[in-house]
1. Once R0 is set to 22 Å, what does the formula 1/(1 + (r/R0)^6) return for the Cβ-Cβ distance between S223 and H183, expressed as a FRET efficiency to the nearest 0.05?
2. Taking K135 as the anchor, which lysines have their alpha carbon closer than 19 Å to its alpha carbon, excluding any fewer than eight residues away along the same chain?
3. Taking the mean number of other Cβ atoms within 10 Å as a proxy for protection, how do you rank 180-193, 241-254 from highest to lowest?
4. Under 14 Å from a point placed 7 Å out from the Cα of L87 along the Cα-to-Cβ direction: which residues of region 276-292 have their backbone N that close?
5. In terms of Cα to Cα distance under 28 Å, which lysines are near enough to K406, apart from those fewer than 8 places away along the same chain?
6. For region 55-153, run through the chymotrypsin sites (Phe, Trp or Tyr not before Pro) and keep only the ones in DSSP coil with at most 12 other Cβ atoms within 10 Å of their Cβ.
7. Based on DSSP H runs of at least 4 residues, each adding -39500 (n - 2.57), what is the mean residue ellipticity at 222 nm of the chain after dividing by all its residues, to the nearest 500 deg cm²/dmol?
8. How far apart, in nanometres, would the label points at D312 and K39 be if each is projected 7 angstrom from Cα along the Cα-to-Cβ direction?
Amino acid sequence: MATTHTAPVTSSFEHIASLEQSYLLQNYARYPLALHRGKGCYAYDLKGNRYLDLISGIGVNSLGYSHPRITRVIRQQAGLLLHTSNLYYHEYQGRLAERLAKASGLNRVFFCNSGTEAVEGAIKMARAHGNSKNKNKVEIVSLENSFHGRTLGALSITGQPKYRNDFEPLLPGVQFVPRNDIHKLEEAVDENTAGIFLEFIQGEGGIYPISEAFARKAHELASKYDALLVFDEIQCGVGRPGAYFAYQLLDPIMMPDIVLVAKPMACGLPLGAVIANEKAASTIKPGMHGSTYGGGPLACRVALEFFDILDDLLPSIDSVGGYFRMKLTDLMRAFPFIKEVRGQGLMIGVEMAFPCKDLVLNGIREGLLFNCAHDTVLRFLPPYILTEQDVDRAIARLVKIFSSVKPQPAGAV
């Protein structure tokens, strides 16, 4: 019999939940599930029940669970060096920066720990760039329905009031425009604009892509008014769309000044990055910005291994993602409450005619993990190793879940 190499289960679900309710800040509305281990695209709970994971830690577990090459690298590096700080060099940070620069077509990289920290770095770049021109050039343009993070700076450019209201007043000088509204974008951008921040595909907002025409107009206006164009690809980039970055799907490619990445890059370890051209990178001088943990040897070495694996996975991300969207679209005939299927690669949203949090709970009961974004959108961010056979299993379970939905009354949302 094969050895599983799993730690024994020492706590019940009830004990785990009780400890968290007693001692943790109660800021998470957790689902009633405690995970113990994982293998491939599957996670297992405390009792050994198996779940096909189609959310992968909100897009983080890009190679699933217990990938042998990632596990081997973590074990090796754990016996060598975990942390150095940025007072000293180590052998992996420069190599990973080179990899990201070449993959993106940009020049320089700053490493941090998370997506929201990458956003903060980009905001500082935009502000420093604007201040170098004139003291009024400090405004930022972002999109309605966007999500850029939960720190005060990132929250200031997040275009969803439900995340912002309790923390006002936030960073001044931010304007929000509707996604794909070129006229409103033209009205918002002027000589006082320091930066334009765009998600190529809005993730937390419900898997909504921006149009190519809108993206190119943003690029044109950024050039005209000497603002930094920032693409937030924390969720929609680094392989997720079937390319290294979503902006690379355009033909011809339209280059940003900055691209922000994080989630999938270190396969579950905290790692984010600001990737910038020389114009944007030159705004940050020694002492102006930093990160104690950013770009440590363990996370960087894992990310290098991830990129070696990703090179071979990109074609299947595109093809399996297309297959998944096709199968989901086919379900619309049987289940008319499915309003739309959208996405790119393995970033997929299914718009429902009603709030769908209960469907997430039904999914857990059926051994299927996904989540609900923007109230009415089922969000799927599966691991990049997903196969068509996994998709078929997921579709069979979704059919069972959707078949249990009671007809909605006329006009219900």
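Every read-out reported here was derived from the displayed coordinates using simple, explicitly stated rules and does not represent laboratory data. Computed from a predicted structure; not experimentally measured. Ideal geometry is used to build each Cβ from the backbone, glycine not excepted, and the neighbour counts take in all protein chains shown.
1. Taking R0 as 22 Å, the efficiency between S223 and H183 is 0.75.
2. Output for K135: K124, K224, K279, K285.
3. Highest to lowest by the protection proxy: 241-254, 180-193.
4. Residues passing the 14 Å test: 292.
5. K327, K339, K357
6. Here the sparse-neighbourhood loop sites are Y88, Y89.
7. Working: 13 runs with 154 residues, N = 413.
Roughly -11500 deg cm²/dmol at 222 nm, from the helical runs in the chain.
8. The answer from the label model is 2.1 nm.
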